[in-house]
Every structure is written in C-alpha cells, then in structure tokens.
1. When the Cα centres of the range 1-39 and the range 70-86 are compared, how far apart do they sit, in Å?
2. Taking amide H positions as placed 1.01 Å from N in the peptide plane, with prolines and chain starts having none, which residues 5 or more places from residue 57, or on another chain, fall under 5 Å of its amide H?
3. Go through 37, 47 and list them by solvent-accessible area, largest first, probe radius 1.4 Å.
4. Counting pairs of alpha carbon atoms under 8 Å apart in space and at least six apart in sequence, what relative contact order in percent does the chain give?
5. What accessible area per residue, rounded to a whole number of Å², is obtained for the chain using a probe radius of 1.4 Å?
6. Considering the dipole of the chain built from charges on the beta carbon (Lys and Arg +1, Asp and Glu -1) around the Cα centre, which of 11, 31, 78 is farthest to its positive end?
7. Starting from the amide H of residue 50, placed 1.01 Å from N in the peptide plane, find each other amide H under 5 Å away whose residue is 5 or more places distant or on another chain.
8. Could you report the accessible area of residue 15 in Å², rounded to 10, computed with a 1.4 Å probe on the protein chains as they sit in the structure?
Amino acid sequence: MSISHRQVEAFRAVVRTGTTVEAALVLHTSQPSISRLIGELEIAVQLKLFDRVKGRLVPTAEGMAFHDEVRRSFAGLQRLSDAAAG
C-alpha cells in the first residue's frame, strides 16, 4: 500500500491540533475520515504512529520521528512554491 498526500495531511493535522475532531475541522472533512486516513497510513508505513489514550491520539516516538520527516517535506514544498513564485 502506498502513502497518499491526504493521509499525510491528516497525520500532520492530528499532531498539530491534538485531536481528530480539530484535524477534521482544519481539513474540512469528518472525524471518521481522519481516523480512517490515520489507520490507512499506519498500515502503509508499518508504524504505530499514535497511542490511543482515553479516546485521544498521542504520538508515539515513531510517530514524532515520522512527523519530523513530514515537517521537512512540507517545508520543502513551501520552498518550491516560493521559488516558483519568484
């Protein structure tokens, strides 16, 4: 299974906002959609990205390491966009 941009966006939003509900609001989608995308991403990367604690998703050490790579990738995309804009 490959990784989709939408899965990575959902992951990033959950880490940034702290909840799937807030991530869904940021990405203009539903909470179940965010949960599905996170589950699919965990299968695709074969990592446990979050621990489920009292109904919340808490990033694991692997999840935070993955987030560092995601953050760098998004920063790279922003640099490409900036370069294209002149």
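1. Rounded to whole Å, the Cα centres lie 21 Å apart.
2. Excluding prolines and chain starts, which carry no amide H, the hits are 20.
3. Details: 37 15, 47 50 Å².
These residues rank, largest area first, as 47, 37.
4. On the way: 76 pairs, mean separation 21.9, N = 86.
Taking the mean separation of contacting Cα pairs over the length of the chain, I get 25 percent.
5. Numbers: 5430 Å² over 86 residues.
Heavy-atom accessible area per residue stands at 63 Å².
6. Farthest towards the positive end: 31.
7. Correct list: 60.
8. 30
The values are calculated or read from the model by the stated rules, or taken from the named source; none is laboratory data. Computed from a predicted structure; not experimentally measured. Every residue, glycine as well, gets a Cβ built from its backbone with ideal geometry; the counts of neighbours run over all protein chains shown. These area figures cover heavy atoms from the full protein model, side chains too; ligands, DNA and RNA do not enter into them. Shrake-Rupley method; radii C 1.70, N 1.55, O 1.52, S 1.80 Å.
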